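Below is one structure, written out as structure tokens; comments come after it.
The values are calculated or read from the model by the stated rules, or taken from the named source; none is laboratory data. Please read all numbers here as calculations on a predicted model, not as lab measurements. Cβ placement follows ideal geometry from the backbone for every residue including glycine, while neighbour counts extend to all protein chains displayed.
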Amino acid sequence: MRQRSWVVRTLLILALIACDSLALNGAFVGVYLWAVRADAEFAASLATVGSTTWLITLLIMNVSMAVAFVGSSLYSLRRGVSRVDEFFKVIVTVSLGTFATLIINAMQPQFGRDPLPWNEQVLVSGWIGAVAGVVALRWAHRSVLTALRRRGIDVRRVIIVGTRDPGRVVLNTIRRQPEMGYHVVGFISNSTPVGTLVEGVPVLGKPAALGRVIRAAQADEVIIAVSGRTPAEVLDLVTLAEDESVEIKLYPDAFQLITNNDISIGDVSGLPLIGIRNVALDSPINRALKRTLDLVVAILVLTLSSPVMLLIALLIKFESRGPVFFVQERVGLDGKPFPTFKFRTMRVDAPLIGNWTTKDDPRVTTLGRFLRRYSLDELPQFINVIRGEMSVVGPRPEQPVWVERFSQSIPRYMRRHKQKAGITGWAQVNGLRGDTSIEERTRYDLYYVENWSLLFDIKIIIKTVVDILSGKNRGY
């Protein structure tokens, strides 16, 4: 069900991108055709413009607008965003894209090309046409989407936790707005027996069974609408739902514990809901961007470092008996194990399971200490990146024995596995390496997972390189 929903959602996003592209390019071409007919002098200035200049300017405009639209989250298909809100967001985004296009177009002479001529009338008319076209086609897309949702397509299956007044308010609000595409499949309740119908919707289980119920009902979203619960009880519910990779929202009466960095305030038809921060990489576009960055960096690093890696391999064989590579099972995306590759830095008879490396660890070889100091032992993990098991940036992977232990003792620990494990991470560039506080490290990991962006990854990569070269935050 979720796989099918992902495919439908991807197709809807692609359709929206096509609508925007049609509107923007139509406005661009249309305003120049109009200007040629309306202004003979301007038409004469365009007569000498070659096809290459037109194509380059169109490319500049499309790339600028694409960056602006993606950066403004205009392809998230968020439910509950009004037409008015979308209208104002389009105005700002088209303005930014237009400004970027003008700036880049003006730089063309630096590369030996004449920029495409324009004047104030072309600029204003083009901007108005772009905004009007984008808004019109987006509203048409929204109307089609609403019709599809009324027919059960792109509908999100919702479980409501709580059958008392807050839960019923959420249910009735959703029922009044079928075009939002929500379908309540059941309740979770401690006070109402399983199987009971609450306003026609069944109680599917008790809070302790939330994870199992989510899987059985193939739910996409959980709305926690309980009152009188302690912060620990609310956090337990959030953790159970997070482990199933569903979106989570809290009706305000249930909100006591989650920090401001973890929430976003929204509404469903005027009903205020507090959304636990979604995983940014749930978006197909974001996943594609991150994967592209991973492949570019991994291929570049492996290509440039191959002579160094060969030398390290020879030195390892020369220094001590045993294999060149150290292969160990670690836990990655969605809690699935995978083999990690590193240069061996310990004696072959050193214990492998359950012990972190400490300063002056006797298990580490002389060469191994040097490799760890400059993180050279982790170069083979770029092979894991190529294989798709790891990312360049992400929470560091742990052994299964530690993951099992930490998941029982640290709230929301498993949420860090909603992204691929990384060679470097936000925790590591902030000094949390090796035998350091796992609770603090988890907080940094969760911040990264919930605030991911391509620029954030690039920042961490740059900071990692600077730290290695400067000797800061070195391993041991």
Inset, instruction - Could you list all residues from region 406-444 that are outside any loop (DSSP other than H, G, I, E, B) and among the β-branched types (Val, Ile, Thr)? - result: ILE423, THR424, VAL429, ILE438, THR442
Legend entry - Unique match (being loosely packed, with under 15 Cβ neighbours inside 10 Å, touching a residue at least 40 places away in the same chain (Cβ under 8 Å) and farther than 21 Å from ARG138 by Cβ) among TRP6, TRP54: TRP6
Inset, instruction - Would you mind finding the one in VAL194, VAL131, VAL161, VAL185 that is on the phi < 0 side of the Ramachandran plot, in the same structural domain as LEU16 (by TED's automatic domain parsing), at pLDDT 90 or above and surrounded by 15 or more Cβ atoms within 10 Å (Cβ to Cβ)? - result: VAL131
Inset, instruction - Mind telling me which of the residues LEU311, LEU235, LEU304, LEU289 ends up being in a helix (DSSP H, G or I) and at pLDDT below 85? - result: LEU235
Inset, instruction - Could you grab the pairs with beta carbons closer than 7 Å, sequence gap of 6+ or different chains, first residue in region 393-416 and β-branched (Val, Ile, Thr), second one assigned to a helix (DSSP H, G or I)? - result: VAL393/ASP457; VAL393/ILE460; VAL393/ILE461; ILE410/ILE438; ILE410/GLU439; ILE410/THR442
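Rundown of residues vs (1) exposed (fewer than 14 other Cβ atoms within 10 Å of the Cβ); (2) over 23 Å from LEU455 (Cβ atoms); (3) in contact (Cβ under 8 Å) with a residue 24 or more places away in the chain, yes/no style:
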position: PHE42; (1), (2), (3): no, yes, yes
position: THR48; (1), (2), (3): yes, yes, no
position: LEU58; (1), (2), (3): no, yes, yes
position: ASP114; (1), (2), (3): yes, yes, yes
Inset, instruction - Return only the number of the condition from (1) of a type in the set (A, V, I, L, M, F, W, C); (2) at pLDDT 90 or above; (3) not assigned by TED's automatic domain parsing to the domain that holds ILE13 that VAL124 does not satisfy. - result: (3)
Legend entry - Residues of region 428-457 satisfying the condition of being more than 14 Å from the chain's Cα centre (by Cα) and farther than 17 Å from ARG412 by Cα: GLN428, VAL429, ASN430, GLY431, LEU432, ARG433, GLY434, ASP435, THR436
Legend entry - Conditions (1) more than 21 Å from LEU14 (Cα to Cα); (2) modelled with pLDDT under 85: number failed by LEU55: (2)
